[in-house]
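Q: Okay, here's the structure, questions in a sec.
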Amino acid sequence: MTQALPLALKRSLVFLWLVFLLLLALVLGVALGAVSLPPGEVLQALLGLKENPIVTEMRLPRVLGGMLVG
């Protein structure tokens with residue numbers, strides 16, 4: 001017989017899963033568009049390791065605005 005996980009642990013796992021999905025949606029939302037950008041390049045731009053005006057000036061504000069409204 002399997003023992004059920006405590007409620008606090010279940011909530012923590014669900015929360016972590018939702019944060020992961022939100023970050024994945026952020027990267028995909030920034031990467032996909034008229035000019036496709038590889039996910040590695042998007043991550044470098046988000047972390048400030050590489051300058052990319054498409055990411056920082058156009059796509060990131062749009063995606064963050066959508067996440068705040070949604």
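Q: Hey, any hits in the range 54-69 for a residue that's outside any helix (DSSP H, G or I), surrounded by fewer than 10 Cβ atoms within 10 Å (Cβ to Cβ) and at pLDDT 90 or above?
A: Scanning the range 54-69 turns up no residue that is outside any helix (DSSP H, G or I), surrounded by fewer than 10 Cβ atoms within 10 Å (Cβ to Cβ) and at pLDDT 90 or above.
Q: Does L22 fit the bill of being within 19 Å of G70 (Cα to Cα), surrounded by 10 or more Cβ atoms within 10 Å (Cβ to Cβ) and not hydroxyl-bearing (S, T, Y)?
A: Values: within 19 Å of G70 (Cα to Cα): yes; surrounded by 10 or more Cβ atoms within 10 Å (Cβ to Cβ): yes; not hydroxyl-bearing (S, T, Y): yes.
Spelling it out, L22 is indeed within 19 Å of G70 (Cα to Cα), surrounded by 10 or more Cβ atoms within 10 Å (Cβ to Cβ) and not hydroxyl-bearing (S, T, Y).
Q: May I pose another question? Tell me which residues, restricted to the range 1-11, are hydrophobic (A, V, I, L, M, F, W, C) and either surrounded by 10 or more Cβ atoms within 10 Å (Cβ to Cβ) or not in a helix (DSSP H, G or I) (or both).
A: Once the filter is applied, which keeps residues that are hydrophobic (A, V, I, L, M, F, W, C) and either surrounded by 10 or more Cβ atoms within 10 Å (Cβ to Cβ) or not in a helix (DSSP H, G or I) (or both), the range 1-11 yields M1, A4, L5, L9.
Q: Which residue, of V14, V19, V30, is touching a Lys or Arg at 6+ places or on another chain (Cβ under 9 Å) and part of a helix (DSSP H, G or I)?
A: V30
Q: Kindly check whether there is at least one residue in the range 42-52 that is in contact with a Lys or Arg (Cβ under 7 Å, 6 or more places away or on another chain), part of a helix (DSSP H, G or I), without any contact (Cβ under 8 Å) to a residue 40 or more places away in the chain and surrounded by 12 or more Cβ atoms within 10 Å (Cβ to Cβ). Don't jump to the end; show me each part of the working.
A: Pass one, the range 42-52, residues in contact with a Lys or Arg (Cβ under 7 Å, 6 or more places away or on another chain): 44.
Going one step further and asking which of them are part of a helix (DSSP H, G or I), we end up with 44.
Filter once more, keeping what is without any contact (Cβ under 8 Å) to a residue 40 or more places away in the chain: 44.
Remaining after also requiring surrounded by 12 or more Cβ atoms within 10 Å (Cβ to Cβ): 44.
Yes: one or more hits.
The values are calculated or read from the model by the stated rules, or taken from the named source; none is laboratory data. The shown structure was predicted, so the numbers you read here are calculated from the model rather than taken from an experiment. With ideal geometry, Cβ positions are generated from the backbone for all residues, glycine too; neighbour counts draw on all protein chains shown.
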